[in-house]
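Remarks on the structure that follows.
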Amino acid sequence: MLDLGRLRALHAVAVHGGVGAAAAALGYTPSAVSQQIGKLERETRTTLLERSGRGIRLTDEAYQLAGTAERLLALVEEAEVRLEERRGLPSGRLSIACFASAARGLMPRALAELTRLHPDLDARLSEVDPHLSVDLVARGVVDLAVAHDWDIAPLPAPPGVEQAVIGDDRCDLLVHREHPLAGRAAVRREELAAERWISQPPGTVCHDWLTRTLRTTGFEPLIVHQAEENHTQVALVAAGLGIALVPRLGRGALPPEVAAVRLDPMPTRRLHAMWRTGAARRPAIRETVRTLQELWPGIAAVGDSRTGP
C-alpha cells in the first residue's frame, strides 16, 4: 500500500522542480521531503530521483507516479470537502498562496480573524508570485490563491478554477521630494518619457504593466533599478535614484524624502481570490473569501489616508 504522504511529497517535488521548493510549499524541511521520497523508492523498488549536476531530476517513473498522485490527491480533496461541508464549519488545513504586498498588508489581519472565529481551521500562508500561484491552485498544490492583475494585463482563471474579486488597490507615482514633479497635483503618463524608473524585475505582473502602459504613450521606459520588494523601491526613490509606481497595499507610511503624486489616469490593480471548482463548496474556502472581502474596504481606506485621494 502506497503512503499518501509520500506521494504528496513526490507530487510537490514534480510541481515545484526541486526538494527545497517542495519543502517550502509543504511546510516541511528539505531533509524530511528527501526521507519521504527515499521511503517511497523503497516501497516501490523504483528509482525516483537522480543526480543532475548540482541538483536532482525526477525519473520517467517518478513523473508517471506523480501523475497518479495528483489524481489521488484530487479524490482525497473531494472526500475532505464533502466531510467539511456536512459539518458546516471551516476546519482542516487550508493552504494559501499570496503575493508579497498582500501577504504583508492584508493577510495578517485575515488570518488572525479566521483563527479567532474558527479554531479548527489550520490556515497556512506562502508568499508566491501571482503568475505562479494561480497555476499552483489549478494543479492542486495549494487550496486558495490571492493574486492580482491590471487592466491591460488581466490574469484569467484557467479551466477548473473559480475566482472572486476582493477589491481594487490604487497606485501612486513616487518621486523624491526635490523632484520637479513633487509639487504637482497630477501628472500625465506622456510627461514621463525622460524619467529613470525603478521597477520590479521582468516577468512580474507589475513590470509587465509598467512597460506595456508606457509603451502606449510612445516611449520605452528607462528602467535603471530593479527590486522585487516595494519597500526597496521606496528606499531607492528616497535616495533620489529614480521614480517608481508603487501600490498602496502593504506600502506603509512614506519616508519624508518621498512624495506621492497622482498619475492621471490613476492605475489600479484588482485583487482576486482563486480556488478550484471542486473545492467551491468547502466552508473554509467560502469563509476565507468572505473574510478577505469584508476586511478589504478598511485596509484600502488606511492606505488612502496615508497618501490622500
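The values are calculated or read from the model by the stated rules, or taken from the named source; none is laboratory data. Only a predicted model underlies this, so the values are computations on that prediction, with no experimental measurement involved. FYI the Cβ positions are ideal-geometry reconstructions off the backbone, even for glycines, and counts take in every protein chain you see. In case anyone asks, the SASA skips ligands and DNA or RNA and just uses the protein heavy atoms, side chains included. Shrake-Rupley method; radii C 1.70, N 1.55, O 1.52, S 1.80 Å.
For the range 208-251, with only Lys/Arg (+1) and Asp/Glu (-1) charged at the beta-carbon, what is the dipole magnitude about the Cα centre, in debye rounded to 20?
Dipole about the Cα centre, nearest 20: 180 debye.
With charges only on Cβ, +1 for K and R and -1 for D and E, what is the dipole size of the chain about its Cα centre, in debye, rounded to 20?
It works out to roughly 320 debye.
Work out the charge dipole of the range 114-257 with +1 on the Cβ of Lys and Arg and -1 on the Cβ of Asp and Glu about the Cα centre, then indicate which of SER199, THR217, PRO154 is farthest towards its positive end.
Most positive-ward Cα: THR217.
Taking a probe of 1.4 angstrom, what is the accessible area of TYR28 in Å², to the nearest 10?
100
Can you give the charge dipole size of the range 1-140 about its Cα centre, rounded to the nearest 20 debye, using +1 on the beta carbon of Lys and Arg and -1 on the beta carbon of Asp and Glu? Working shown, then result.
Working: 18 positive and 18 negative charges, 62 e Å.
So the dipole magnitude of the range 1-140 works out to roughly 300 debye.
Got a number for the accessible area of THR217? Probe 1.4 Å, square angstrom, nearest 10.
Taking all protein chains as shown, THR217 has close to 40 Å².
Could you give each residue of the range 123-140 its phi-based ³J(HN,Hα) in whole Hz, using Karplus coefficients 6.51, -1.76, 1.60 with θ = phi - 60°, and x for Gly or Pro?
Residue by residue, the range 123-140 yields 8, 10, 10, 10, 8, 9, 4, x, 4, 7, 5, 5, 5, 5, 5, 4, 8, x Hz.
Which percentage, to the nearest 5, of the DSSP beta bridges contained in the chain is antiparallel?
Roughly 60 percent of the DSSP beta bridges within the chain come out antiparallel.
Measuring with a 1.4 Å probe in the full set of protein chains, what accessible area per residue, in whole Å², belongs to the range 212-309?
43
Please give the FRET efficiency for LYS39 paired with ALA235, using the beta carbon to beta carbon distance and R0 = 45 Å, rounded to the nearest 0.05.
Values: r = 46 Å, r/R0 = 1.03.
E(calc), rounded to 0.05, equals 0.45.
Under the √(5λ) rule applied to the eigenvalues of the Cα gyration tensor, what semi-axes describe the equivalent ellipsoid of the range 57-98? Give them in Å, descending. Kindly include the intermediate steps, with their values, before the conclusion.
Numbers: eigenvalues 167, 36, 5 Å².
Sorted largest first and rounded, they come to 29, 13, 5 Å.
Report, in deg cm²/dmol and to the nearest 500, the calculated mean residue ellipticity at 222 nm for the chain, where each DSSP H run with n ≥ 4 adds -39500 (n - 2.57) and the sum is divided by the residue count. Present the calculation step by step, with values, prior to reporting the outcome.
Working: 10 runs with 135 residues, N = 309.
Value at 222 nm, helices only, nearest 500: -14000 deg cm²/dmol.
Counting pairwise Cα distances across the range 95-192, what percent come out greater than 17 angstrom?
So the pairs more than 17 Å apart make up 63 percent of the total in the range 95-192.
Which one of ASP172, ASP143, ASP120 has the biggest mean-square fluctuation once the chain is modelled by GNM with Cα springs under 10 Å?
Fluctuation is largest for ASP120.
Could you give the radius of gyration (one decimal) and Dmax (whole number) of the Cα atoms in the chain, in Å?
22.1, 71
Can you pull the percent of the chain's accessible area that's carbon plus sulfur, 1.4 Å probe, other chains left in place?
51
Residue-wise, which Karplus ³J(HN,Hα) couplings in Hz belong to the range 259-264, taking 6.51 cos²θ - 1.76 cosθ + 1.60, θ = phi - 60°, and x for glycine or proline?
So the Karplus estimates, Gly and Pro as x, are 10, 9, 10, 6, 8, 10 Hz.
Can you send over the solvent-accessible area of ARG124, 1.4 Å probe, protein chains only, in Å² to the nearest 10?
100
Give me the percent of DSSP beta bridges within the range 1-150 that run antiparallel, rounded to the nearest 5. Mind dumping the intermediate values first?
On the way: 4 of 14 bridges.
Close to 30 percent.
Between LEU65, LEU106, LEU155, where does the largest GNM mean-square fluctuation fall for the chain, given springs only between Cα atoms within less than 10 Å?
Answer for the Gaussian network model of the chain: LEU65.
For the range 209-309, evaluate the Debye formula with one uniform point scatterer on each Cα (no solvent term) and list log10 I(q)/I(0) at q = 0.11, 0.12 Å⁻¹, rounded to two decimals.
Here the Debye-derived log intensity ratios amount to -0.49, -0.57.
Are there GluC sites (Glu not before Pro) in the range 232-309 that DSSP puts in a loop and that have at most 15 other Cβ atoms within 10 Å, and which ones? Please list the in-between numbers first.
Working: sites: GLU257, GLU287, GLU294; in loops: GLU257.
Sparse-neighbourhood loop GluC sites (Glu not before Pro): GLU257.
Suppose we keep just the DSSP beta bridges with both residues in the range 172-281; what percent of those would be antiparallel, to 5? Can you show the working numbers first?
Working: 7 of 16 bridges.
Looking only at bridges with both residues in the range 172-281, the antiparallel portion is about 45 percent.
Report the paramagnetic label zone for GLU113: residues of the range 288-303 whose backbone N is under 14 Å from a point 7 Å from Cα along the Cα-to-Cβ axis.
Flagged as within label range: 288-302.
For the chain, what does the relative contact order come out to in percent, with C-alpha contacts under 8 Å and a separation of six or more? Working shown, then result.
Details: 530 pairs, mean separation 66.4, N = 309.
After rounding, I find 21 percent.
Ratio of alpha-carbon Rg to the 2.2 N^0.38 Å globular estimate for the range 168-238, to two decimals, please.
Working: Rg = 12.1 Å, N = 71, 2.2 N^0.38 = 11.1 Å.
Normalised Rg, Cα atoms only: 1.09.
Please report the net charge: other residues with Cβ closer than 10 Å to the Cβ of ALA235, K and R +1, D and E -1. Provide the component values of the computation, followed by the final result.
Working: positive: none; negative: GLU229, GLU257.
Around ALA235, the charge tally is -2.
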